[in-house]
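See below for the structure under consideration.
The values are calculated or read from the model by the stated rules, or taken from the named source; none is laboratory data. Values in this document were obtained by computation on a predicted structure and should not be read as measured data. Ideal geometry is used to build each Cβ from the backbone, glycine not excepted, and the neighbour counts take in all protein chains shown.
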Amino acid sequence: MARSLIHLITLTFTFTILIQSSPSTSLVASADPTAPLLLRPPHGGSRTSMLLPLFLSQPNSSSTSFNPHRHLQRSDPPTHPNARMGLHDDLLRNGYYTTRLWIGTPPQMFALIVDTGSTITYVPCSTCEQCGRHQDPKFQPELSTTYQPKKCSIDCNCDSDKVQCVYERQYAEMSSSSGVLAEDILSFGSLSDLKPQRAIFGCENQETGDLYSQRADGIMGLGRGVYSIVDQLVDKGVISDSFSLCYGGMDIGGGAMVLGGISPPIDMVFSHSDPVRSPYYNIDLKEMRVAGKALSLNPIVFDGKHGTVLDSGTTYAYLPEPVFVAFKDAIMKQLHALEKIRGPDPNFNDICFSGAGSDVSELSDTFPVVDMVFSNGQKLSLSPENYLFRHSRVHGAYCLGIFQNGKDPTTLLGGIVVRNTLVMYDREHSRIGFWKTNCSELWERLHISSAPPLTPSAPNRENSSTTPTLAPSQVPHYVLPGDLEIKQITFDMLLNISYPDLEPHITELAEFIADDLGLNTSQVRLLNFTPNGNESLIRWAIFPAGSSDYISNATAMGIIAQFAEHRVQLPSTFGSYQLVGWNIEPLAKRTWWQQNHLVLILAVFVTLIIGLSASGMWLIWRRRQQTLNAYKPVNAAVPEQELQPI
């Protein structure tokens, strides 16, 4: 996909329209009148462009009207619970961040891309025959006692039988998602103060393009719209009209998110965000500075078309042409000591520099600070990790992660700009806040306990009660008791690939697992390999490194967490996997003799050596004494001896 932001306009039609923006990119209208048309980037690609929704409305749909002020008219209680959730994956490596969401009773877990440009949450349905292999099993409605399809009404598009509501999302790179709308209980994890809630989501029956091939299961829609998970929770009155995202820094990945409000830090920087200005989350940017010096630009340049847009689904930043040229020139003037080199991808004319060193914490000694100044005079200061990415081929080299947005006057700020920054989307007060922090330690920085709340046990499935089932704990089942010395870790994996297809590549699979876990290949061994229908069930064992007798507690927990959270990333040829179970085998407890026999043997050996040495020295001394006593000088007096009578 081209880097440039695709030109978008707002349309109101009652028929499908196709807008051609480039030979390789097209815009296709959604069949769902309530939905924005989304331009989805190819997640995981080396370059991603902003994909913004195009809102369509139809006269026969009462749910298409969008009032950006409806939440401001509400008299909410001063406090609400919120859902604290972890972020996984990495924006530059994977092309997205995911969070974990549980759907149904009992809960079924999914890894969903957090996307502020999408307005619906969807996952693959078990009935989907045209869905890709993702990292978790498909959602099985028949196993959920609380699942209910959304019946056809005037508020939605209906299937051909006029029985159930349906949705469709089509994207610029020709990927798409379509399925039925349903309602079930959504659970948010063990750190959430928010109880499980009923909400509408999409159950996919078809995927194409990047949505078909990506590892993530689906999308969590955080945009503005009737089916957005944020809007649904706000309309229920269970959270305040706000959510927050915090992306990890360079080389770290992960992060945190919050559905609902949190108390903003005292030094958080805010910008006005006008929901009427555009359907996207925008900020009121007026000036950019490099090394403290303002770029010579008219402030109106940041207000072109959709203005300055903040989007969680975009990797890099894209500036209008005059802004990019001025920014690039200002950066180049500050970097005389570095060598300009070619970028890692010959398909792109990246601006890269070598000689800066590999320590991220020292980049500020070489690269300048970039400031973004808002209309209220407050500014967001960007450190080098907020506008650079590592050169993948040259050690100690970095490239600009800010590009020209073609001829589009929209300013687009992707995830790179807000790495290690808490971003608060305070929709209730029409503002977006920024707070520089270490996102991997967000709860500690906000002085929020990370201990999971006490939760009741899940209801019995045989009971027809629709009491919400809480999501399983995200942390405790990785915690191993005490300080164990572990002999081996055993994993049972169910791979979504047939036995005949996998068998020739089983050794290759072991190598990929070892590499992703940072282990030697000799530490990962196959114990069992059996077919399971169209899937394959594999049992692996992980052993200590050759120089060690055991695996430490911390190392074991890290390995287990990587499997359980699907952070072990395998090539798509192996399909997706499900962790069926795991087990640890502690090092056998040794007796007192086993623990100390070497010391005892050494002590006996040393005692013998000392004893033999002492004995030897005594014998030598004795022999010398005898030799001295046997020697008499010639003139020595000899005592007379009496003659004994015969």
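ASP193: under 29 Å from GLU142 (Cβ atoms) and of a type in the set (Asp, Glu), yes or no? Considered against the rule, which asks whether it is under 29 Å from GLU142 (Cβ atoms) and of a type in the set (Asp, Glu), ASP193 comes out as no.
Of the residues LEU388, LEU400, which is in the same structural domain as SER312 (by TED's automatic domain parsing), surrounded by fewer than 23 Cβ atoms within 10 Å (Cβ to Cβ), in contact with a Phe, Trp or Tyr (Cβ under 8 Å, 6 or more places away or on another chain) and of a type in the set (A, V, I, L, M)?
Working: LEU388 fails: surrounded by fewer than 23 Cβ atoms within 10 Å (Cβ to Cβ).
After applying the criteria, what remains is LEU400.
Residues in the range 323-337 include none that are in contact with a Gly (Cβ under 6 Å, 6 or more places away or on another chain) and in a loop (DSSP other than H, G, I, E, B).
Counting the residues of the range 143-160 that are closer than 10 Å to ALA182 by Cβ and buried (at least 19 other Cβ atoms within 10 Å of the Cβ) gives 2. Residues in the range 136-146 that are in a loop (DSSP other than H, G, I, E, B) and either touching a strand residue (DSSP E or B) at 6+ places or on another chain (Cβ under 9 Å) or free of Cβ contacts under 8 Å to residues at least 40 places away in the same chain (or both): ASP136, PRO137, LYS138, GLN140, SER144, THR146.
Could you check, for the range 206-222, whether at least one of its residues is farther than 17 Å from ILE113 by Cβ and basic (Lys, Arg)?
Looking for residues that are farther than 17 Å from ILE113 by Cβ and basic (Lys, Arg), one finds none in the range 206-222, hence no.
Considered as a group, the residues in the range 109-135 that are assigned to a strand (DSSP E or B) and of a type in the set (A, V, I, L, M) include one that is farthest from THR573 (Cα to Cα), and that residue is VAL114.
Confirm whether PRO106 is assigned to a loop (DSSP other than H, G, I, E, B), over 30 Å from PHE389 (Cβ atoms) and touching a helix residue (DSSP H, G or I) at 6+ places or on another chain (Cβ under 8 Å). Spelling it out, PRO106 is indeed assigned to a loop (DSSP other than H, G, I, E, B), over 30 Å from PHE389 (Cβ atoms) and touching a helix residue (DSSP H, G or I) at 6+ places or on another chain (Cβ under 8 Å). Please identify the pairs in which a residue from the range 370-397 that is without any contact (Cβ under 8 Å) to a residue 60 or more places away in the chain and basic (Lys, Arg) has its Cβ atom under 7 Å from the Cβ atom of a residue that is surrounded by 15 or more Cβ atoms within 10 Å (Cβ to Cβ) and not in a strand (DSSP E or B), counting only partners at least 6 apart or on another chain. Matching pairs, first to second residue: ARG393/PRO344.
Among the residues of the range 326-352, write down those that are in contact (Cβ under 8 Å) with a residue 60 or more places away in the chain and either on the phi > 0 side of the Ramachandran plot or surrounded by fewer than 16 Cβ atoms within 10 Å (Cβ to Cβ) (or both). Correct list: ASP345, PHE348.
Being assigned by TED's automatic domain parsing to the domain that holds TYR122, under 18 Å from ARG100 (Cα atoms) and touching a residue at least 12 places away in the same chain (Cβ under 8 Å) is the requirement here; does GLN214 meet it? Judged against the criteria, GLN214 is a match. Looking across the range 158-199, the residues that are assigned to a loop (DSSP other than H, G, I, E, B), under 30 Å from ILE262 (Cβ atoms) and hydrophobic (A, V, I, L, M, F, W, C) come down to PHE188, LEU191, LEU194.
Is it fair to say GLN595 is within 30 Å of GLU485 (Cβ to Cβ) and at pLDDT below 75? In short, yes. Applying the criterion of being aromatic (Phe, Trp, Tyr) and more than 25 Å from the chain's Cα centre (by Cα) to the residues of the range 496-539, the residue that is modelled with the lowest pLDDT is TYR499.
Would you point out which residue out of VAL258, VAL226, VAL238, VAL234 is out of contact with any Cys (no Cβ under 7 Å at 6 or more places or on another chain), in contact (Cβ under 8 Å) with a residue 40 or more places away in the chain and within 29 Å of CYS128 (Cβ to Cβ)?
Working: VAL258 fails: within 29 Å of CYS128 (Cβ to Cβ); VAL238 fails: within 29 Å of CYS128 (Cβ to Cβ); VAL234 fails: within 29 Å of CYS128 (Cβ to Cβ).
Only one candidate qualifies: VAL226.
Applying the condition of being part of a loop (DSSP other than H, G, I, E, B) and charged (D, E, K, R) to the range 208-240 and asking which residue is nearest to GLY86 (Cα to Cα) yields ASP217.
Of all residues in the range 241-254, how many are in a loop (DSSP other than H, G, I, E, B) and in contact with a Ser or Thr (Cβ under 8 Å, 6 or more places away or on another chain)?
So the first thing to find is which residues in the range 241-254 are in a loop (DSSP other than H, G, I, E, B), and the list is 241, 248-254.
If we keep only those that are in contact with a Ser or Thr (Cβ under 8 Å, 6 or more places away or on another chain) too, we end up with 248-249, 252, 254.
Here the count works out to 4.
Could you tell me whether MET288 is in contact with a helix residue (DSSP H, G or I) (Cβ under 7 Å, 6 or more places away or on another chain) and either hydrophobic (A, V, I, L, M, F, W, C) or in a loop (DSSP other than H, G, I, E, B) (or both)? Full working, then the answer.
Values: in contact with a helix residue (DSSP H, G or I) (Cβ under 7 Å, 6 or more places away or on another chain): yes; either hydrophobic (A, V, I, L, M, F, W, C) or in a loop (DSSP other than H, G, I, E, B) (or both): yes.
Yes, satisfied.
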